[in-house]
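Read the figures in this text as sums done on the coordinates, not as results from a lab. This one's a predicted model, so the numbers in the text were calculated from it and none came from an experiment. Please note: Cβ atoms are built from the backbone with ideal geometry, for glycine as well, and neighbour counts cover all protein chains shown.
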């Protein structure tokens, strides 16, 4: 099935796992992405170190697109956001090459 969502995120199925705190963990995110949907990591309850480790774990489990959700009301949201943006990105057809990384959510 092709939809605007599947074309935009280069996924097979228009299924998105939202970043639900304490539920959308690396293994579930990778499983949804591997099944053709878009998994989104919940970074709200994670520290910067835990977020970096979770992103690395997801990357070890899938080469498919996934996202990182930042809950802005959490105290560590700005630190977590910077970790998601500063990790070396996987080349993505969704993001044109540029010298400056995006300031907000980066889908890799």
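In terms of the mean number of neighbouring beta-carbon atoms within 10 Å, the peptides 58-71, 31-44, 8-21 order highest first as 31-44, 58-71, 8-21. The calculated FRET efficiency for residue 20 paired with residue 47, based on their beta-carbon distance and R0 = 25 Å, is about 0.85.
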